[in-house]
1. Looking only at the stretch 320-343, decide whether some residue is touching a strand residue (DSSP E or B) at 6+ places or on another chain (Cβ under 7 Å) and either crowded, with 21+ Cβ neighbours inside 10 Å or farther than 22 Å from residue 476 by Cβ (or both).
2. How many of the residues in the stretch 1-16 are under 17 Å from residue 185 (Cα atoms) and surrounded by 15 or more Cβ atoms within 10 Å (Cβ to Cβ)?
3. Checking residue 267 against (1) surrounded by fewer than 21 Cβ atoms within 10 Å (Cβ to Cβ); (2) outside any strand (DSSP E or B); (3) without any contact (Cβ under 8 Å) to a residue 60 or more places away in the chain, which single condition isn't satisfied?
4. Restrict the check to the stretch 17-32 and report whether at least one residue is in a strand (DSSP E or B), surrounded by 13 or more Cβ atoms within 10 Å (Cβ to Cβ) and touching a helix residue (DSSP H, G or I) at 6+ places or on another chain (Cβ under 7 Å).
5. Take the residues of the stretch 138-163 that are at pLDDT below 85 and assigned to a helix (DSSP H, G or I): which is farthest from residue 216 (Cα to Cα)?
6. Looking only at the stretch 205-212, decide whether some residue is free of Cβ contacts under 8 Å to residues at least 40 places away in the same chain, within 16 Å of the chain's Cα centre (by Cα), surrounded by fewer than 16 Cβ atoms within 10 Å (Cβ to Cβ) and farther than 24 Å from residue 428 by Cα.
7. Within the set of pairs 6 or more residues apart or between chains, which connect a residue that is touching a residue at least 40 places away in the same chain (Cβ under 8 Å) inside the stretch 316-337 to a residue that is part of a helix (DSSP H, G or I) and surrounded by fewer than 22 Cβ atoms within 10 Å (Cβ to Cβ) with Cβ atoms less than 6 Å apart?
C-alpha cells in the first residue's frame with residue numbers, strides 16, 4: 001500500500017464529492033486526508049489516499065473519465081465586457097448561447113432593466129484560449145453594440161471560482177517557468193499548510209497572501225532594488241569583520257584577514273549576484289580569497305548560497321541532514337510538523353536554494369564545554385581563535401555558535417537577534433515565517449534556555465575584557481552587530497546603507 005495525492009476539480013452540485021468517494025472506495029482506497037473549502041474555491045478538493053499502485057492507476061482513470069481529475073493548470077485569463085441587448089423575450093438566452101458555444105465560463109452577470117440603460121448586460125468570463133475569445137468577440141460584435149471593460153491574461157483579475165489556478169499562476173510568475181506537475185504538487189503542499197493553520201484559527205486567505213508575499217519580497221529586493229545595511233569593525237590589528245544585513249533573511253559576515261577571507265553564513269541564493277557586487281563595492285570582490293565558509297544552521301537564509309562559492313564549507317552534521325531532507329524541523333520534536341516541512345519547500349523554492357552539496361562537518365564528539373554548550377571543534381582566522389559551540393537545538397537541530405573568547409566576538413546564529421535594529425521592511429518579512437510555521441524555533445523552551453546561557457556567557461566575557469576597555473561583540477543572525485547594554489542588544493558603531501548601483505572604491 002502506497003500513499004498518493006491528487007487534486008479533483010468537481011462540479012459544484014449535490015453528490016459530486018460522494019461520487020468521487022465512491023470511486024475511491026470501489027478500488028479499496030483509504031482516504032488519509034481530504035480538504036475542501038468553498039470559501040476559497042468552490043470546485044477544488046484535495047485528496048491523499050492509500051492504495052495499491054495498480055488499483056490507484058484504475059482509480060485515476062475513472063476520475064479522469066468523469067472529468068474530476070485535475071492534471072494540468074490551464075493559463076486562464078479574464079474578460080469583462082458589456083453588451084446592449086434588444087428589450088425582447090429570448091435576447092439574453094441568445095447571448096448566453098453564443099458564450100456557452102464558445103466554451104467560456106461565466107464568472108459574473110449584471111443586468112437590471114430599471115436602469116437608465118436598460119439593455120446593458122455586463123458579463124465577466126474566465127477564459128483559457130485567446131483564439132476562442134477573439135472568435136467569440138467577433139461574433140458578438142457582429143450582433144450587438146459591445147464595450148470591452150477589462151481583458152487580462154496574467155491571471156491577476158481572475159475570480160475565486162478558480163482560486164487555486166490563480167494562485168498557481170501567481171507562483172509561476174514568481175519562480176519563472178514551471179511544469180504543471182510540479183505546480184500541482186506544490187498546491188497540495190500549500191493546501192496542507194492552509195488546512196493546518198485553518199484548524200488553528202487562521203484565515204486561509206491570509207495564509208495564501210503570506211506565501212505569495214514571501215516570494216514577492218525576495219523577488220522585489222534583487223538587482224536594482226537590492227540594498228543592505230553594513231557595518232565594518234576591526235576585531236584585531238589584522239582582522240576586521242563586515243556585517244551585511246540583507247533585505248530579507250539573515251546576515252552575511254566576512255572576516256577579512258591578510259591572507260584570506262572567511263565567510264560566516266551565506267544569505268539566500270537569490271541574493272548571490274547582488275551580494276557579490278556589494279562585496280566588490282567594499283573591496284572584497286576577489287572571491288578566490290574566500291577560502292572557507294562556516295554555516296551556523298540550515299535555514300535557507302543562512303546556507304542557501306553555500307553551493308555558489310568555490311570554497312570549503314563547514315557545518316554541523318544535523319545541518320547537512322536538514323539540507324538533504326528538506327525539512328527544517330528534522331532532528332527536533334517538531335519533525336513531523338507539516339507546517340515546518342512545507343515551509344522549507346516553499347522558502348527553498350522562492351529563495352533559489354543552492355546549498356553546499358558536500359560540506360565538511362564538525363566532529364560529533366565534544367572536546368570540551370563552554371557554559372551549557374559542547375565544544376565540537378576549534379579553528380583560527382589569522383590571530384583569531386574560535387570555538388565551535390553546539391546549540392541544544394532550540395532554533396533548529398544542528399545550529400552552532402562560533403565564539404572567539406580571546407578577541408571577544410560570538411556569532412550566535414538565530415538564537416540572538418537585535419530586533420530593535422531591523423527596519424520595518426525586514427520586520428514585516430520576518431513576521432511572515434513566524435505566521436506560516438507559528439514559531440521559527442522548533443523548540444521554544446529550549447531556545448529560551450539557549451538565549452539565557454548565551455547572554456550570561458557574553459556578560460562574563462565583558463567582565464574579562466573590561467580591563468582592556470573592550471566589549472564582547474554579538475554577531476546576530478539578523479540585525480546589527482551589537483553589544484550587551486543593560487540586558488539589551490545595542491548596535492555598535494556606524495551602520496551605513498548600501499544600495500545597488502552605488503560606485504565606490506575601497
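The values are calculated or read from the model by the stated rules, or taken from the named source; none is laboratory data. Computed from a prediction, not measured in an experiment: that's the story for all the values here. Please note: Cβ atoms are built from the backbone with ideal geometry, for glycine as well, and neighbour counts cover all protein chains shown.
1. So in the stretch 320-343, the residues touching a strand residue (DSSP E or B) at 6+ places or on another chain (Cβ under 7 Å) come out as 320.
Now drop any that are not either crowded, with 21+ Cβ neighbours inside 10 Å or farther than 22 Å from residue 476 by Cβ (or both), which leaves 320.
Within the stretch 320-343, one or more residues are touching a strand residue (DSSP E or B) at 6+ places or on another chain (Cβ under 7 Å) and either crowded, with 21+ Cβ neighbours inside 10 Å or farther than 22 Å from residue 476 by Cβ (or both).
2. Of the residues in the stretch 1-16, the ones under 17 Å from residue 185 (Cα atoms) are 2-9.
From what is left, the residues that are surrounded by 15 or more Cβ atoms within 10 Å (Cβ to Cβ) are 4-9.
Within the stretch 1-16, residues that are under 17 Å from residue 185 (Cα atoms) and surrounded by 15 or more Cβ atoms within 10 Å (Cβ to Cβ) number 6.
3. Answer for residue 267: the failing condition is (1).
4. Looking through the stretch 17-32, at least one residue is in a strand (DSSP E or B), surrounded by 13 or more Cβ atoms within 10 Å (Cβ to Cβ) and touching a helix residue (DSSP H, G or I) at 6+ places or on another chain (Cβ under 7 Å).
5. Initially, the stretch 138-163 is screened for residues at pLDDT below 85, giving 150-163.
From the residues that got through so far, the ones that are assigned to a helix (DSSP H, G or I) too are 160-163.
Details: 160: 21, 161: 24, 162: 21, 163: 18 Å.
Filtering first and then ranking leaves 161.
6. From the stretch 205-212, those free of Cβ contacts under 8 Å to residues at least 40 places away in the same chain are 209; that's our starting set.
Filter once more, so that each one left must be within 16 Å of the chain's Cα centre (by Cα): 209.
Next, only the ones that are surrounded by fewer than 16 Cβ atoms within 10 Å (Cβ to Cβ) stay: 209.
Right, trim to farther than 24 Å from residue 428 by Cα and you get none.
Checked against the condition, which is being free of Cβ contacts under 8 Å to residues at least 40 places away in the same chain, within 16 Å of the chain's Cα centre (by Cα), surrounded by fewer than 16 Cβ atoms within 10 Å (Cβ to Cβ) and farther than 24 Å from residue 428 by Cα, the stretch 205-212 yields no hits at all.
7. 330/321
Okay, residues lined up against (1) in a helix (DSSP H, G or I); (2) farther than 30 Å from residue 219 by Cβ; (3) touching a residue at least 40 places away in the same chain (Cβ under 8 Å):
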{"site": "364", "(1), (2), (3)": "no, yes, yes"}
{"site": "369", "(1), (2), (3)": "no, yes, no"}
{"site": "380", "(1), (2), (3)": "no, yes, no"}
{"site": "385", "(1), (2), (3)": "no, yes, no"}
{"site": "394", "(1), (2), (3)": "no, yes, yes"}
{"site": "397", "(1), (2), (3)": "no, no, yes"}
{"site": "406", "(1), (2), (3)": "no, yes, no"}
{"site": "427", "(1), (2), (3)": "yes, no, no"}
{"site": "430", "(1), (2), (3)": "yes, no, yes"}
